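Some notes on the structure that comes next.
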Amino acid sequence: MSLHSDLMALWITVKLAAITTLILLLIGTPLAWWLARSQWRFKFLIETVIALPLVLPPTVLGFYLLIMLGPNGPIGGLSESMGGRPLAFTFSGLVIGSVFYSLPFVVQPLQNVFTAIGDNVMEQAATLRAGPLDRFFNVMLPIARPGFLTAAVLGFAHTIGEFGVVLMIGGNIPGETRVVSIAIYDHVESLEYTRAHLLSAGLLLLSFLMLMAVYGLNRRFSVLRS
Amino acid sequence: MSLEVKLNIPRRDFDVNVSLEVTPGQVTAVFGPSGCGKTSLMRAIAGLENTANGDVKMAGEIWQDADFFRPPHQRDVGYVFQDASLFPHLDVYNNLQFGLKRQVSDKRRVSLEQAIDLLALSPLLKRRIDKLSGGEKQRVAIARAVATSPSVLLFDEPLAAVDIPHKQEILRYIQSLHQELDIPMLYVSHAIEEVARLSDNLVLLDKGQQLASGETVDLLSQLNLPFARYEEAAAVVDSEVAGHEQDYGLSLLRFAGGHIRVTRSELALGSRVRVRILARDVSLTLSHPEDSSILNIFPAVVESMVADGTALRLVRLNAGGQIILSRVTAKSADKLGLVPGKYIYAQVKAVSPLV
């Protein structure tokens, strides 16, 4: 295994985290908005499902995803019947798995910030002639910016760090599903400590920088603290 | 240009039923204890309560009826909430701009400069919202609502979150809005001084039901309404500044029943001043006392009287057409032989001009 394969693994990791974060922000925003505003009696059931990846061993989640995404599973079968491949052991499969796995890390900060903002400013905006979309984009989004930043970085960082789910559904295909955490594991298995060191230190630094950015920026944007 | 409201708002505990009209240049107050449905009513007028049934009409334009509901952002209201609710991501200037920008240009009658002047905000324009005091926040919120040139201004307990010294100041600003702009106002409060000071008309609300409505001056002196039971039961007198006694620092106010002297010298001659006379500050005598330290004494006729507990009587007096309330002990009432029709003199110990 060359340095090239390590760089490849790093690229796949970053690509996976970026795509996952993007999808999560798109799904997570309306979902978190609904959770923050809905009065539905059984809302807690949805909240429970979303929080499951926080407590579930990744191998359990990965196992069920493997079955769902495989050729005989509902999602994998659907993909196959539409002329595609079964999704297990593909990059697309990894994205689907990561979306489930990191969902709570994006939805929860968003839900918290939407709840904290409350209806008042939105109603005030309505009485100041702002229509629903205008209110959302010009009032809710800017006020919720710290929440979005937290959600995006947590979702990204958590996806980078996943191991169990990837191992179960992605396998270890260089150039397609081999991510950094798996590469580190491989290096340690084959006693290549120097390269394990390099990748580990890289991830450590990356995670540190990202979290520092969140805390630093949230301090600057702490508009909610008034 | 008047606002006509006839609404039924279902709530968990009781329904709110109100029918009222606010005419241009008038302040209508909605008064009642906390939780009586005042805020629900305001929200329904603004279109924020989608369970409200009934009719809301502004200057003949239908905002709501049996089969039409205009959403809040299309209703021409200026709504001042209890807790300012300013946008934390914008500075003062951009908060003021928010509604103004969104109002169509041919409906703009109030300019931004005018709104800023009326509430004395020019030193604060660049300020961040979290650097404002409670009173300043509320001034910004009022200016922001005014700057949209609304057809009606809705004030929902705007002084609830303001500390006492600044309450007077903000009341003064609201009074000056009332004088400068021809915008009808609806003012909700559970503080009787605010209502007495600001409003021309009054709607009394209790558990969602409209107990009474009419002119403020009239309702406040009705013995059969809850106001008479308040410790600070008072009559409100509209008067005009008729002169000054400079040497003593007094102003002379003319009203229907005579003249009142107040310890204020700066009131402009000819200006209209509303004063409040608390029932407990009015004592009664049978003859005109010549050796009293009290300055304000006028003849009056007893109109009616009710018991206020066992020891006290609340007396409604007519002083040349102006109603004044007096609270005396039951024992004094008997001693003076107070009955409707009796001629007496009212001695007023303290008068507070509401300016």
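For the reader, a short list of remarks on this structure follows.
- The conditions of being among the β-branched types (Val, Ile, Thr), in contact with a strand residue (DSSP E or B) (Cβ under 6 Å, 6 or more places away or on another chain) and either surrounded by fewer than 24 Cβ atoms within 10 Å (Cβ to Cβ) or on the phi > 0 side of the Ramachandran plot (or both) are not met by B:ILE192.
- Test: B:GLN64 is of a type in the set (S, T, N, Q), more than 9 Å from chain A (Cβ to nearest Cβ) and under 16 Å from A:ASN120 (Cα atoms): no
- Number of positions in region B:85-120 that are over 27 Å from the mean Cα position of the chain (by Cα), in a loop (DSSP other than H, G, I, E, B), at the interface with another protein chain (Cβ under 8 Å from one of its Cβ atoms) and touching a residue at least 24 places away in the same chain (Cβ under 8 Å): 3
- Filtered residue count, region B:298-335, keeping only those that are over 17 Å from B:TYR230 (Cα atoms) and open to solvent by 30 Å² or more (accessible area, probe 1.4 Å): 11
- Meets criteria (part of a helix (DSSP H, G or I) and closer than 18 Å to A:THR20 by Cα) for A:THR115: no
- When region B:101-120 is filtered for residues that are in contact with a Ser or Thr (Cβ under 6 Å, 6 or more places away or on another chain) and either crowded, with 20+ Cβ neighbours inside 10 Å or not assigned by TED's automatic domain parsing to the domain that holds B:SER40 (or both), the ones remaining, listed by number, are B:VAL110, B:ILE116.
- Some residue of region A:171-194 being more than 14 Å from every other protein chain (Cβ to nearest Cβ), assigned to a helix (DSSP H, G or I) and charged (D, E, K, R): yes
- Applying the condition of being open to solvent by 20 Å² or more (accessible area, probe 1.4 Å) and within 22 Å of the chain's Cα centre (by Cα) to region A:70-98 and asking which residue is farthest from the other protein chains (Cβ to nearest Cβ) yields A:PHE89.
- Put simply, of B:GLY270, B:GLY320 the only residue that is modelled with pLDDT under 95, over 30 Å from B:GLU169 (Cβ atoms) and within 29 Å of the chain's Cα centre (by Cα) is B:GLY320.
- Residues of region B:69-84 classified as in contact (Cβ under 8 Å) with a residue 24 or more places away in the chain, in contact with a strand residue (DSSP E or B) (Cβ under 6 Å, 6 or more places away or on another chain) and open to solvent by 40 Å² or more (accessible area, probe 1.4 Å), total: 1
- Scanning region B:28-59 for residues that are in contact with a Phe, Trp or Tyr (Cβ under 6 Å, 6 or more places away or on another chain) and closer than 27 Å to B:LEU225 by Cα yields a count of 1.
- A:PRO146 more than 10 Å from every other protein chain (Cβ to nearest Cβ), over 13 Å from the mean Cα position of the chain (by Cα) and open to solvent by less than 30 Å² (accessible area, probe 1.4 Å): yes
- Residue among B:ASN17, B:ASN8, B:ASN94, B:ASN53 that alone is under 20 Å from A:MET140 (Cβ atoms) and surrounded by fewer than 21 Cβ atoms within 10 Å (Cβ to Cβ): B:ASN94
- With respect to (1) within 13 Å of chain B (Cβ to nearest Cβ); (2) part of a helix (DSSP H, G or I); (3) of a type outside the set (A, V, I, L, M, F, W, C), the lone exception for A:ARG129 is condition (2).
- Candidate set from region B:121-139 (those that are within 10 Å of another protein chain (Cβ to nearest Cβ) and touching a Lys or Arg at 6+ places or on another chain (Cβ under 8 Å)); member that is most open to solvent (accessible area, probe 1.4 Å): B:ASP130
- Close pairs (6 angstrom Cβ cut-off, 6 or more residues apart or separate chains): facing chain A (nearest Cβ under 10 Å) in region B:39-51, assigned to a helix (DSSP H, G or I) and not small (Gly, Ala, Ser) anywhere: B:ALA46/A:THR127; B:ALA46/B:PRO72; B:GLY47/B:PRO72; B:LEU48/A:GLU123; B:LEU48/B:PRO72
- Considering the conditions (1) free of Cβ contacts under 8 Å to residues at least 12 places away in the same chain; (2) open to solvent by 20 Å² or more (accessible area, probe 1.4 Å); (3) hydrophobic (A, V, I, L, M, F, W, C), A:ALA116 is excluded by exactly one of them, (1).
The values are calculated or read from the model by the stated rules, or taken from the named source; none is laboratory data. Just so it is clear, the model here is predicted, and its values are computed rather than measured. Glycine gets a Cβ as well: all are built from the backbone with ideal geometry, and neighbour counts include every protein chain shown. When the accessible area is computed, the model is the full protein with side chains, heavy atoms only, and any ligands, DNA or RNA have been set aside. Shrake-Rupley method; radii C 1.70, N 1.55, O 1.52, S 1.80 Å.
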